[in-house]
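These notes are about the structure you will find just below.
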């Protein structure tokens, strides 16, 4: 997992560690936290020194005095019922007197601005609030070193913003922070130094600026550079000169503004018309759907939503947690019956048909692939659903082969599903449903927990399902750059209603309306909006096409 | 969505009572339902005591927690066959004046005493179930764990007991996802009323549910250790608990009232002041 790694973290430094899935970055963090060798055992050579003391001489409890760690999954690190109890729990274990516990509790509630959460039940919090409480619980004892393992990867945009805000507060106190992330974007803005890992080794090391200059090396390690530095690099390659080294949209705007000539605005399509079904029929029709959860909460989750999804389209439903995306998707797939309204898939009322008929019409892939893999090999798992629907063995085997091949999993057909990597598990979960050949497929967060390369691979496969098999694909996602690049339509939900619905270019142009939902357009789109360009680009390639003619070589230089 | 037994987190006088008080209340209440004869004749009225006592808890859940009986319809669906089965068995197997004779079948004595006796047992079970629901919905499991710790249970044992109550809803949520994932594959194994299919479904879901729970519990155990769960044992520094449970005056009054109710029922029963209605 780690191959001859040597690093030094300086006191008060914010070190970011990035790399593709399986590159060893979380393992490195575990070594720093003492989890290896004290909790997870294995062959380890070399030495880790914490303030000059070898970690072999400390116990895990001894580590806890100096080092606190926040894990990826907020759900797994909150074990008390009330937020207050969760925060003081670490202090109780260390025998801190009650008066000091009270004082530190008050301080941390104020520091992270979570006073209102004090009496809340932990499992009732949103994802972002949970992670915020987890960071506060790790921070309450004022550790010298705070380690964060992918703290935002499972959060919606609002949740990620809350978590980042908490990390910013920690940084203000000049504490040593080491943060692991799959994606580089979150780190370039805040980190003092970045490490890029691949195959257990450190392949790049430097300031965020230095790392962003090394685009080919980043790409070789399976990472994508943040959009703004990539755009700048590509424009420079095309002969345009931009003074400065912007890493973020905010830094880029003042550098681009003086060198852009709007009278030469190139022609981009004003909006991409959503594809219409050839036979005039929609794949899914949602008519005035209202859904209220049963008592004691009786929360209205969907408030009179109506829309149609044309055949063979790739639609993204976006919005923050609690906006009703998953509830709507579950209504569309027949798992939840709307309080009122109707849903038709391929012309049939999805709530008036049997489980088997529904499985043939509309597939649903859940966020966690591990809850939907039931058999002892990948092949058996795909065959299982087909046999449930009455397919003969030879027919089931053939369709399973096609599906596994389509999703690049045929070579792994005999592997136990739980032995596959996370990305492979996710693709297998899609393969098990795609093999049933439903006319529509809903996928909840298809790219969560995947690095950039895997996420693009998954989206390309979904695009293939749409274009080659004519499947209508609906993804629920927080990954805006992916939605912008691959989807032909975006539905933005907020408080159970559809706030925006249209082609990505039109939806992302509505920046003010989007802000209500904490949905942020991709950085290049935001940059174009702030520069007053319209229509806006959706990808770096489009941005280069749009920006380059506006910047004359001589003026820019 | 919260399950019916989950701690409600609202503030009512019952929520504020010490967990030990609520335990004594529950035990006394259930014992009274066993001690009082049933059906009980009070003047011209005949009262099926366990039924009435079970319904009083249903009303208490409604009044205190604002959860209506039809909000937990599925619980009733599971309870009705249990009560029906117990009653049915006693009609055949308990002696007493028959209320019907069916010539030609071996069980020709259908016992009216058995019918009421079976109903009583059935509703005592219902009362126990609902009493547990009321207890768990009004008692913070960690408050309960703290009370256990004060009663001499080792801290780690008491904490893990409370944590188990906190962890169970997560497992339940995962079970629902697995059930729906099976539906997505055209299988109704976990929603079938056929017990054989249902058992098959349980076997199929055991892999993702078991492995998921195992992985999650490993992560949680690690997260606990990182927050110093074993620090007192490893270093000898005693743990200092932030919260405390203390029996207040109102707790003693409530305990006294329920113990008194139990004693009065016992005396009434033993002296024959109250009697079972004759069939």
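Is it the case that residue B:237 is within 29 Å of residue A:37 (Cα to Cα) and either within 7 Å of another protein chain (Cβ to nearest Cβ) or surrounded by fewer than 20 Cβ atoms within 10 Å (Cβ to Cβ) (or both)? Taking the combined requirement at face value, the residue satisfies it. Of all residues in the stretch B:61-104, those being closer than 27 Å to residue B:131 by Cβ, assigned to a loop (DSSP other than H, G, I, E, B) and at pLDDT below 80 number 1.
Reported count of residues in the stretch A:150-188, each being within 18 Å of the chain's Cα centre (by Cα) and in a loop (DSSP other than H, G, I, E, B), is 10.
Return the residues of the stretch A:406-425 that are crowded, with 18+ Cβ neighbours inside 10 Å and within 10 Å of chain B (Cβ to nearest Cβ); say none if nothing qualifies. Of everything in the stretch A:406-425, just one residue is crowded, with 18+ Cβ neighbours inside 10 Å and within 10 Å of chain B (Cβ to nearest Cβ), namely A:417. In the stretch A:1-38, the qualifying residues are those that are within 19 Å of the chain's Cα centre (by Cα) and at positive phi, and the one that is surrounded by the most Cβ atoms within 10 Å (Cβ to Cβ) is A:19. Looking across the stretch A:29-75, the residues that are within 8 Å of chain B (Cβ to nearest Cβ) and either under 23 Å from residue A:196 (Cβ atoms) or at pLDDT 85 or above (or both) come down to A:33, A:35, A:39, A:68, A:69, A:71. All conditions but one from (1) in a helix (DSSP H, G or I); (2) within 26 Å of residue B:77 (Cα to Cα); (3) at the interface with chain A (Cβ under 9 Å from one of its Cβ atoms) apply to residue B:225; the one that does not is (2).
If you check residue A:403 against the conditions, is it modelled with pLDDT under 95, buried (at least 20 other Cβ atoms within 10 Å of the Cβ) and within 20 Å of residue A:466 (Cβ to Cβ)? Answer is yes for this residue. Taking the listed residues A:482, A:527, A:538, the one that is touching a helix residue (DSSP H, G or I) at 6+ places or on another chain (Cβ under 8 Å), surrounded by fewer than 23 Cβ atoms within 10 Å (Cβ to Cβ) and closer than 29 Å to residue A:256 by Cα is A:482, with no other qualifying.
Counting only residues that are surrounded by fewer than 15 Cβ atoms within 10 Å (Cβ to Cβ) and either closer than 16 Å to residue A:186 by Cβ or under 24 Å from the mean Cα position of the chain (by Cα) (or both), the stretch A:219-250 holds 3 of them. Scanning the stretch A:409-423 for residues that are modelled with pLDDT of 85 or more and in a loop (DSSP other than H, G, I, E, B) returns A:409, A:413, A:414, A:415, A:416, A:420.
Selection within the stretch B:168-195: residues that are in a helix (DSSP H, G or I) and more than 8 Å from chain A (Cβ to nearest Cβ). The member of this set that is nearest to residue A:92 (Cα to Cα) is B:168. Taking the stretch A:363-405 on its own, how many of its residues are in a helix (DSSP H, G or I), within 14 Å of chain B (Cβ to nearest Cβ) and in contact (Cβ under 8 Å) with a residue 12 or more places away in the chain? Going through the stretch A:363-405 one residue at a time, the tally reaches 15. Within the stretch A:505-524, take every residue that is within 20 Å of the chain's Cα centre (by Cα) and part of a loop (DSSP other than H, G, I, E, B) and give me the one that is surrounded by the most Cβ atoms within 10 Å (Cβ to Cβ). Going through the qualifying residues, I end up with A:519. Scan the stretch A:124-143 residue by residue and report those that are part of a helix (DSSP H, G or I) and either more than 26 Å from residue B:231 (Cα to Cα) or away from every other protein chain (no Cβ under 14 Å) (or both). Matches in the stretch A:124-143: A:124, A:127, A:128, A:129, A:132.
The values are calculated or read from the model by the stated rules, or taken from the named source; none is laboratory data. These figures come from a predicted structure and were not determined experimentally. Cβ atoms come from the backbone with ideal geometry, glycine included; neighbour counts cover every protein chain shown.
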